[in-house]
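I have placed the structure first, in the form of structure tokens, so that the comments after it can refer back to it.
The values are calculated or read from the model by the stated rules, or taken from the named source; none is laboratory data. Every value quoted in this text rests on a predicted model; they were computed, and no experiment measured them. Glycine also receives a Cβ, built like all others from the backbone with ideal geometry; neighbour counts cover every protein chain displayed.
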Amino acid sequence: MVEMMLSTFIKQHNLPEEFSFAVDKYYKPLADKLVSRFFENKEPYFVGINGCQGSGKSTFTDFIAAYITTEYQLNVVVMSLDDFYFSNEKRKTLAQDIHPLLATRGVPGTHDVVELNHVLTQLKDKKTGLSPVEEMVGEELTPENSIIYICGYQGTIDGVIDHLDSKGFVTEHEKKSDGSFGIKYESYG
């Protein structure tokens, strides 16, 4: 099962076959250690990944999440600090009131730390509620009312969303007459 997941992962991420050596030497042992710690504590376990642009943080976290989900059937939440930027409007206001650099993403002071703390607290307390996409459309997404389009891939979700991989933002949404949603999601990272 893991071998098939790894093969698919390598293809989806356009990685060289040699990536599997790094997986065996570094990624899997670390993931196994994280799961071990999770089972010791029996509560949500938070891991932060740090690195410069292009260093492989997204590939690393995507693999760890896929591996843990496949190998251990555990729910994994992957978030980026980029998911917690203030809105463009809020950053413009900060730029006018405090400093012009606050109009751009990435500058210290442009993240919604209160919202980040709220989300982390909900996860810690096992009260995840609706995902950001579900909050935006105003109801839970299920296999009966949702088709997810990601980078040209279309697939009906096969259960309640329990793997949040939020690396972007919703730019448009509409509820259709049949009760389903059309969502345009801009991604990055």
For the stretch 38-90, enumerate the residues that are among the hydrophobic types (A, V, I, L, M, F, W, C), over 22 Å from Ala22 (Cα atoms) and within 16 Å of the chain's Cα centre (by Cα). Phe46, Leu74, Val77, Met79, Leu81, Phe84
Under 6 Å between Cβ atoms, at least 6 apart or on separate chains: pull out the pairs that start in the stretch 103-122 with a residue that is closer than 10 Å to Ser87 by Cα and end on any residue that is hydroxyl-bearing (Ser, Thr, Tyr) and assigned to a loop (DSSP other than H, G, I, E, B). none
Phe84: passes all of (1) modelled with pLDDT under 85; (2) in contact with a helix residue (DSSP H, G or I) (Cβ under 7 Å, 6 or more places away or on another chain); (3) within 30 Å of Met4 (Cβ to Cβ) but (3)
What is the residue count in the stretch 16-36 for residues that are within 20 Å of the chain's Cα centre (by Cα) and more than 14 Å from Ala65 (Cα to Cα)? 0
Could you list, in sequence order, all residues of the stretch 69-91 that are touching a His at 6+ places or on another chain (Cβ under 8 Å), part of a helix (DSSP H, G or I) and farther than 20 Å from Val114 by Cα? Thr69
Criterion: more than 22 Å from Thr121 (Cα to Cα), surrounded by 15 or more Cβ atoms within 10 Å (Cβ to Cβ) and outside the structural domain of His118 (by TED's automatic domain parsing) - qualifying residue of Lys33, Lys11, Lys57, Lys25: Lys57
Any helices (runs of 4 or more DSSP H) falling wholly within the stretch 1-68 and containing at least 3 residues that are touching a residue at least 24 places away in the same chain (Cβ under 8 Å) and under 21 Å from Leu116 (Cβ atoms): none
